[in-house]
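The values are calculated or read from the model by the stated rules, or taken from the named source; none is laboratory data. None of the values given here were measured: they were computed from a predicted structure. Note: ideal-geometry Cβ built from the backbone for every residue, glycine included; neighbour counts use all protein chains shown. We work out accessible area using only protein heavy atoms, side chains counted, and drop any ligands, DNA or RNA first. Shrake-Rupley method; radii C 1.70, N 1.55, O 1.52, S 1.80 Å.
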Amino acid sequence: MKRVRSISRGFTLIEAMVALAIAAVVISGFYSALSTGSLLDRRAAQQAAKVFLATTVLDRVGVDIPMRLGTVETGIVRDMEWQLIISGSPAADMALGQVYPNELVFVSVSVSDPQGTSSPVVLRTIRYAQSPL
């Protein structure tokens, strides 16, 4: 009896095309994850810069910026616009009870980018109008 010996000479065209399609799907998944990660990293860096600027402006109130009711100041730092408002009444979304006049000062700082590509950062604080000491 003679044995029929099959000799493999490589991959067929269909096998090669299937392997390339699978590789393309895997590579596109990696690329998508990488681009999404870099986008989220950029957004987080922008948000952190806004928070840092807002806290810096809040720290200046009472030192460089007088704590007077009705004060509204604006400025631009590294392509970020900030606005400071010093008021005698709380913001509408603050759930506070009765506030006695001339007792508390409400300070609000909003930081946004001029393009408006991301949401603004708003920080608020409540301070005594006069030092209790």
Top-ranked residue in the range 53-78 [being among the basic types (Lys, Arg) and in a loop (DSSP other than H, G, I, E, B); ranked as most open to solvent (accessible area, probe 1.4 Å)]: Arg78
Selection within the range 60-78 - of a type in the set (Asp, Glu) and modelled with pLDDT of 90 or more: Glu73
Residues of the range 79-125 that turn out to be modelled with pLDDT of 85 or more and surrounded by fewer than 14 Cβ atoms within 10 Å (Cβ to Cβ), as a count: 3
So Ala49, is it among the aliphatic types (A, V, I, L, M) and outside any loop (DSSP other than H, G, I, E, B): yes
Cβ-Cβ under 6 Å pairs, at least 6 apart or on other chains, the range 60-88 side farther than 21 Å from Lys50 by Cα and in contact (Cβ under 8 Å) with a residue 12 or more places away in the chain, far side open to solvent by 60 Å² or more (accessible area, probe 1.4 Å) and not in a strand (DSSP E or B): Gly88/Leu69
Selection status of Ala19, at pLDDT 90 or above, surrounded by 11 or more Cβ atoms within 10 Å (Cβ to Cβ), among the small types (Gly, Ala, Ser) and in a helix (DSSP H, G or I): yes
